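The values are calculated or read from the model by the stated rules, or taken from the named source; none is laboratory data. Computed from a prediction, not measured in an experiment: that's the story for all the values here. Neighbour counts run over all protein chains shown; Cβ positions are idealised from the backbone, glycine included.
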Amino acid sequence: MAPRDDILRTMNARFLPFLLVALVLPLCGLQAAPPAGWTDDFDKAVEKAKAEKKNVLLDFTGSDWCGFCLKLDKEVFATPKFKAWAQKNVVLVQVDFPHTKKLSAKVTKQNAALEAKYPAGGYPTIVIINPDGNALVKKVGYNPGSGPDAFLEAIKAGAVSP
């Protein structure tokens with residue numbers, strides 16, 4: 001046997017596990033999950049909001065394609081200031097419309113129904129509702145760089161944008 005054949009056999013033995021993982025992983029149907037502190041289960045969020053006497057914040061997002069949504073996540077939702085405010089005031093629900101992430105059939109159907117009831121009009125759109133489902137605040141879009149202070153002021157002021 002030629003030395004070249006040994007080299008190829010060794011390379012194939014080392015490469016094969018990586019190739020198998022690369023081929024099998026997409027078939028596993030990994031589903032998108034909301035960030036920590038958020039849920040994608042609207043009904044459970046409403047139950048929790050009623051029990052804790054809070055409102056529900058709906059984040060209509062395109063978590064894997066919407067640039068302004070990604071900036072809002074990073075510049076506002078990931079900040080300690082927003083997290084502290086949210087923990088005291090709202091139950092967080094991610095209403096996601098991803099392009100590449102896979103959602104369960106239940107969440108896909110639920111999100112379509114929420115978008116029909118509270119039309120987004122663009123991404124991101126934030127809608128705050130009371131536990132009875134009445135919209136209190138609607139904010140469409142995000143101004144990059146404005147941060148949590150401006151965002152929370154707009155929410156507290158009850159900013160409603162078309």
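Considering every residue within the stretch 144-161, establish whether at least one is surrounded by 15 or more Cβ atoms within 10 Å (Cβ to Cβ), at pLDDT 95 or above, under 19 Å from Lys48 (Cβ atoms) and under 18 Å from the mean Cα position of the chain (by Cα).
No; the residues of the stretch 144-161 include none that is surrounded by 15 or more Cβ atoms within 10 Å (Cβ to Cβ), at pLDDT 95 or above, under 19 Å from Lys48 (Cβ atoms) and under 18 Å from the mean Cα position of the chain (by Cα).
May I ask you to list the residues in the stretch 104-126 that are within 14 Å of the chain's Cα centre (by Cα) and of a type in the set (A, V, I, L, M, F, W, C)?
Once the filter is applied, which keeps residues that are within 14 Å of the chain's Cα centre (by Cα) and of a type in the set (A, V, I, L, M, F, W, C), the stretch 104-126 yields Val107, Ile126.
Which one of these is without any contact (Cβ under 8 Å) to a residue 24 or more places away in the chain and small (Gly, Ala, Ser): Ala45, Ala51? Steps first, please.
Working: Ala45 fails: without any contact (Cβ under 8 Å) to a residue 24 or more places away in the chain.
None of the others qualify; the one that does is Ala51.
Restricting the search to the stretch 88-110, which residues are touching a residue at least 40 places away in the same chain (Cβ under 8 Å) and within 18 Å of Ala45 (Cα to Cα)?
Within the stretch 88-110, the first condition is being touching a residue at least 40 places away in the same chain (Cβ under 8 Å), and the residues that meet it are 90-96, 98, 101-104, 107, 110.
Those that are touching a residue at least 40 places away in the same chain (Cβ under 8 Å) and within 18 Å of Ala45 (Cα to Cα): Val90, Val91, Leu92, Val93, Gln94, Val95, Asp96, Leu103, Ser104, Val107, Gln110.
Can you tell me how many residues in the stretch 93-138 are of a type outside the set (Val, Ile, Thr) and in contact with a helix residue (DSSP H, G or I) (Cβ under 6 Å, 6 or more places away or on another chain)?
Initial filter on the stretch 93-138 (of a type outside the set (Val, Ile, Thr)): 94, 96-99, 101-106, 109-124, 130-136, 138.
Checking the rest, the ones that are also in contact with a helix residue (DSSP H, G or I) (Cβ under 6 Å, 6 or more places away or on another chain) come to 110, 123-124, 131.
Total meeting the criteria: 4.
What about Lys101, is it surrounded by fewer than 16 Cβ atoms within 10 Å (Cβ to Cβ), under 16 Å from Pro34 (Cα atoms) and within 11 Å of the chain's Cα centre (by Cα)? Spell out how you get there, then give the answer.
Numbers: surrounded by fewer than 16 Cβ atoms within 10 Å (Cβ to Cβ): yes; under 16 Å from Pro34 (Cα atoms): yes; within 11 Å of the chain's Cα centre (by Cα): yes.
Spelling it out, Lys101 is indeed surrounded by fewer than 16 Cβ atoms within 10 Å (Cβ to Cβ), under 16 Å from Pro34 (Cα atoms) and within 11 Å of the chain's Cα centre (by Cα).
Kindly state which strands (runs of 3 or more DSSP E) lie completely within the stretch 56-162 and contain at least 1 residues that are in contact with a Lys or Arg (Cβ under 8 Å, 6 or more places away or on another chain) and not hydroxyl-bearing (Ser, Thr, Tyr). Don't jump to the end; show me each part of the working.
Working: elements: 90-96, 125-129, 135-140.
In the stretch 56-162, 90-96, 125-129 are the strands (runs of 3 or more DSSP E) which contain 1 or more residues that are in contact with a Lys or Arg (Cβ under 8 Å, 6 or more places away or on another chain) and not hydroxyl-bearing (Ser, Thr, Tyr).
For the stretch 122-162, enumerate the residues that are under 13 Å from Val76 (Cα atoms) and in contact with a Cys (Cβ under 9 Å, 6 or more places away or on another chain).
Pro124, Tyr142
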